[in-house]
1. Over the chain, calculate the relative contact order: mean separation of alpha carbon pairs under 8 Å at least 6 apart, over the residue count, as a percent.
2. What span do the alpha-carbon atoms of the stretch 2-184 cover on each of the three principal axes, reported in whole Å from largest to smallest?
3. Given C-alpha coordinates of the chain, what is the ratio Rg to Rh with the Kirkwood estimate of Rh?
4. Past the 32 Å Cα-Cα mark, which pairs from 33/309; 207/424; 289/352; 232/401; 207/261; 212/362?
5. Based only on the alpha carbon positions, what is the Kirkwood hydrodynamic radius of the stretch 116-176, in angstrom?
6. Any idea how far the Cα center of the stretch 443-476 sits from the one of the stretch 96-113, in Å?
7. Using amide H atoms built in the peptide plane, which far-off residues or other-chain residues are under 5 Å from residue 131 H to H?
8. What angle, in degrees between 0 and 90 and rounded to the nearest 10, separates the Cα long axis of helix 399-418 from the longest principal axis of the Cα atoms of the chain?
Amino acid sequence: NVLILDFGSQYTQLIARRVRELNIYCEIHPYHKVPQDLSSFKAVILSGSPFSVRAEDAPHPDLSQIKGHKPLLAVCYGAQYLAHFNGGSVAPSDIREYGRAKLTTILSHDDLFAGIKEDTQVWMSHSDTIATLPEKGVRLASTDDVANAAYRIEDEETYAIQFHPEVYHTKDGKQLLQNFLVDIAGVAQSWTPAAFVDTTVSELKKKIGNDKVVLGLSGGVDSTVAAILLHKAIGKNLYCIFVNNGLLRKNEFSDVLLQYKDMGLNVKGVDASLRFLDALKGESDPEAKRKAIGRVFIEVFDDEATSIKDVTYLAQGTIYPDVIESVSVNGPSVTIKSHHNVGGLPDFMKLKVVEPLRMLFKDEVRRVGAEMGIDSKLLGRHPFPGPGLAIRILGDITAEKVRILQEVDAIFIDGLRKWNLYDKVWQAGAILLPVNSVGVMGDERTYEKVVALRAVESTDGMTADWVNLPYEFLQETSNHIINRVKGVNRVVYDISSKPPATIEWE
Ligand code: XMP
């Protein structure tokens, strides 16, 4: 187990990703909450930070139980922090030290740089520079502009680097992390999906015993993988509820329900479409729609959950990015859209929470799912928002509009699959616009709905770019939509990136 102390850098999550890619387990903790018991951590990494160590309000954690006691790798701010407080000095730098650089000198006899050659490209992102090394500091590498690009402390397993090994642009970053964690700190590379399934299932068994657990399935990857893990641990004591809010994709409710049953899950499908439609009637404000859907979902789910006798736990498919976000140094970032599924537990459901995926990143959830034999088509599904088509029907929602959008969306998504484009796209869907446009069909003038198609590339939904879909595909899709979906006479393609646009239109 590896401890990453977060000083608020935008790259901290990336450090964790890279460490996990080495099949090593790690946890991120904010710098002001260093765990009391450090015995399970075999190595520590200090992250970068937007602060300058010279600033008064900069993070100044007590590392006395760590430095000199555990193998320590300090990155960027971490490296400056160690220098500043141990007899070295940090000064504002006159040269911009941002972007690509080359390590021109490497003292390669040190284990940290084993297998890494001079002139390797690294990524710098800092405005201060380490002017003098701390006591017992030994320089390990330099760039043309940065003399102290890497150093270590004599007689300690303490290493510091000014560049960021976690970003893709540092070509040998992964090698360096491996050198530090495996060769220097002796951490075992045993964090694999199979090992995760084994330990999680036995922990869940121990924790839950014969108690009952209720879980809401959404058809998405996270809730499905969480359900299968729990099912392995407690079998029929897991009660799954799959709510149809009437805003799912065409046939999704029946198809996915069947799939869940085939997986052996004890699942109850609840069709509450009308209740949701009713709550949404006349509502056209995006946030109000989200709130209405969130509220009805909780009501429906609660009715179902309380009808199961003696339930002790509520299981959730929370994953690591949500956890990090809620405990991060800077606190949760500003809510731009109120994503109802990270809102937490309503008071009136007095159940204990179990979150088997809370330490996993999305790609790890997929690997764990594959390990347990979940269908790759299900695991590879595009993300789909909790409020579903409600936020893709701009303006107010009616059953007829839902029907139209479901048809359009199905043609688009089926087309992506047929053209082998589905897996190249991160997320795709159709949007029903609140305007009519004039068209002509045969000799008739039409005055019907406009739909927009949206397909984006992304890694985490935080930033996204529109996908350059082939014209031939767009042409065929547009023809199919206009010929087959009554009520639509115009199709447009959304070519906006995020930022400044968002992925959804509402
Ligand atoms: P935006 O539109 O904010 O979307 O660029 C980023 C990602 O989040 C999804 N999204 C939601 N997911 N509830 C959800 O569960 C919501 O209210 C919601 N709004 C947006 C969106 O589909 C994309 O994947």
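Every number here is computed from the coordinates shown, using simple stated rules; none is lab data. Values in this document were obtained by computation on a predicted structure and should not be read as measured data. Here the Cβ is made from the backbone with ideal geometry for all residues, glycine too, and neighbour counts use every protein chain on show.
1. Details: 940 pairs, mean separation 52.7, N = 506.
For the chain, the relative contact order is 10 percent.
2. Projected onto its principal axes, the Cα set of the stretch 2-184 covers 41, 37, 32 Å.
3. Values: Rg = 26.3 Å, Rh = 25.6 Å.
Ratio of gyration radius to Kirkwood radius: 1.03.
4. On the way: 33/309 39 Å; 207/424 40 Å; 289/352 29 Å; 232/401 41 Å; 207/261 26 Å; 212/362 27 Å.
Flagged as over cut-off: 33/309; 207/424; 232/401.
5. Numbers: mean 1/r = 0.0821 Å⁻¹.
One over the average 1/r among Cα pairs gives 12.2 Å for the stretch 116-176.
6. Answer, in whole Å: 45.
7. 89, 90, 91
8. 60 degrees
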